[in-house]
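To start, the structure under review is shown below, and the notes come after it.
The values are calculated or read from the model by the stated rules, or taken from the named source; none is laboratory data. Bear in mind the structure is a predicted one, so any value in this text is a computation, not a measurement. We place every Cβ from the backbone using ideal geometry, glycine too, and count neighbours over all the protein chains shown.
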Amino acid sequence: MDTKSVADFISRTRFEILPANVIDHVKRCTLDILGAAIAGNDSRSVRITEGLVRSIGEGSEQATMVGFGRKASLLNATLVNSAMSTVLDSDDGCMSPVGHLGHIGGCVVPAALAVAEHQQSDGEAYLEAVVVGYEVYLRTGRILTEPEAKKFPLAGTPGAYGAAAAAGKLLTLNKEQIVNALGIAEAYAPVPRMGRIALTGPMSKEAMPWGAMTGVMAALLAQEGFTGPKTIYDDNDYDRSCLDNLSESYELLKIYFKPYCACRYTHAALDIVIDFLKEQMLTSHDVINITVGGGSGASLLNAARPATIEHAEYSFPFVIGAALSDGEVGPDQMRENRLHDEALLKQADKVKVVFHEEMNALLPARFGAFVTVETRDGKKYRIKRESPRGEPEEPLTSNEVEEKFRKWAATRMNTNRAEEILNLIKSLENLDHINRLLELLTF
């Protein structure tokens, strides 16, 4: 398999050949990302990004910026919408035997929505584009995380390829143009440094917005005749066997959906703590200490006083403190004012993170946790979870994904509008024009 084979897959994918479960899953992906975007709309880093776009000139009114009541150029709308889709760290992702493949929807969905709106595409065309975007991202991510690939950082990097695939599909590029779009995306893809991101929590995160914008730009350049180099799909130094079953199986069915606004590494511990409090009918007052045992790198995610919400998302003490304080870790817990909430921080101070050999053995395929809870009555509870909820083995149900959307959307819009969006997404294939969906996202 090579870049031409990938381009052929993108070009020949049609709605009528997609399995029903794949179509349903793409709808859930769209719903989940839009919920994340709506809830993330008023986050500080998003407002900075949108403010910069406004100050330097939004460009042609080609695509809607979610929640800002106006349109911008394709590139600017993609940048802003991807920023708000990923800022709260509640967007989907995928684990694989070789490690975490990053966050797919936050790159692919904003890119596809922007181009579909500009092209006045129908719902079927949009769904086709998201499928090829996810499949190209996930297989590229797999290639980049193989041991011989020197462990590329993920999210924005394969996101550029996935966004280019989705945009190229909607722009109806020919196969040669798609080959060039993928090459351009590779040439210009962002390369974030994951270790530094986890330690300090910069607003840049894993560069998803830049990956999404780069992919759209790559497709637009290819449309105009701009050429790109060969890609990793042509390079024998990489294991490209994951490309062999393109169109025969769908990797997007293996993604996880998140119930929390937090780094995936923290989710198994959050599942344990939240379930434990409910099952034992305890409050935060009853808990005096929590020790989280995790694999390599977990003990680095221990910022007791994160300075930004992006850093808080990577902090075991903060997110578990939020769970103890509020019983949940959603958009309301990832707000600037909560960073200095004394009640929450008091709970965070109860949390310690240590290395645990058994949990380390699960890496890189799974993020597990071993949690010890000490209660005020002198008891100790030791609980293990080998992977968090939301994985394909323990998926969130369709109802749970919908309820998450309702809750996330309620932070910025009324119930009636949220229900209208939800119902419209359920029947996306019947939309003659994707703009109807974007109109509902103008608030």
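So here's what we get for this one:
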read-out: Pair list, Cβ under 7 Å, 6 or more apart: the stretch 395-423 residue over 15 Å from residue 29 (Cα atoms), other residue of a type in the set (Lys, Arg); value: 418/406
read-out: Only one of 114, 125, 63, 129 that is in contact with a Leu (Cβ under 7 Å, 6 or more places away or on another chain), surrounded by fewer than 24 Cβ atoms within 10 Å (Cβ to Cβ) and not assigned by TED's automatic domain parsing to the domain that holds residue 360; value: 125
read-out: Residue under evaluation residue 248, criteria (1) under 26 Å from residue 179 (Cβ atoms); (2) over 18 Å from the mean Cα position of the chain (by Cα); (3) modelled with pLDDT of 95 or more, criterion not met; value: (3)
read-out: Among the residues listed as 303, 307, 312, 365, the single one being loosely packed, with under 15 Cβ neighbours inside 10 Å, within 24 Å of the chain's Cα centre (by Cα) and closer than 18 Å to residue 198 by Cα; value: 307
read-out: Residue in the stretch 153-173 that is surrounded by fewer than 24 Cβ atoms within 10 Å (Cβ to Cβ), closer than 22 Å to residue 244 by Cα, over 17 Å from the mean Cα position of the chain (by Cα) and charged (D, E, K, R) present; value: no
read-out: Flag for residue 11 being at pLDDT 95 or above, more than 14 Å from residue 130 (Cα to Cα) and surrounded by fewer than 20 Cβ atoms within 10 Å (Cβ to Cβ); value: no
read-out: Among (1) of a type in the set (Ser, Thr, Tyr); (2) in contact (Cβ under 8 Å) with a residue 60 or more places away in the chain; (3) under 29 Å from residue 67 (Cβ atoms), the one test that residue 372 misses; value: (3)
read-out: Single match in 22, 26, 6 (criterion: more than 22 Å from the chain's Cα centre (by Cα), assigned to a helix (DSSP H, G or I) and within 25 Å of residue 127 (Cβ to Cβ)); value: 6
read-out: Every residue from the stretch 285-294 that is out of contact with any His (no Cβ under 7 Å at 6 or more places or on another chain) and closer than 24 Å to residue 387 by Cα; value: 287, 289, 290, 291, 292
read-out: Residues within the stretch 428-443 that are free of Cβ contacts under 8 Å to residues at least 40 places away in the same chain and part of a loop (DSSP other than H, G, I, E, B), tallied; value: 0
read-out: Residue within the stretch 357-368 that is in contact with a helix residue (DSSP H, G or I) (Cβ under 9 Å, 6 or more places away or on another chain), more than 28 Å from residue 48 (Cβ to Cβ) and assigned to a helix (DSSP H, G or I) present; value: yes
read-out: Matching helices (runs of 4 or more DSSP H) fully within the stretch 263-328 where at least 2 residues are among the acidic types (Asp, Glu), within 22 Å of residue 341 (Cβ to Cβ) and touching a residue at least 60 places away in the same chain (Cβ under 8 Å); value: none
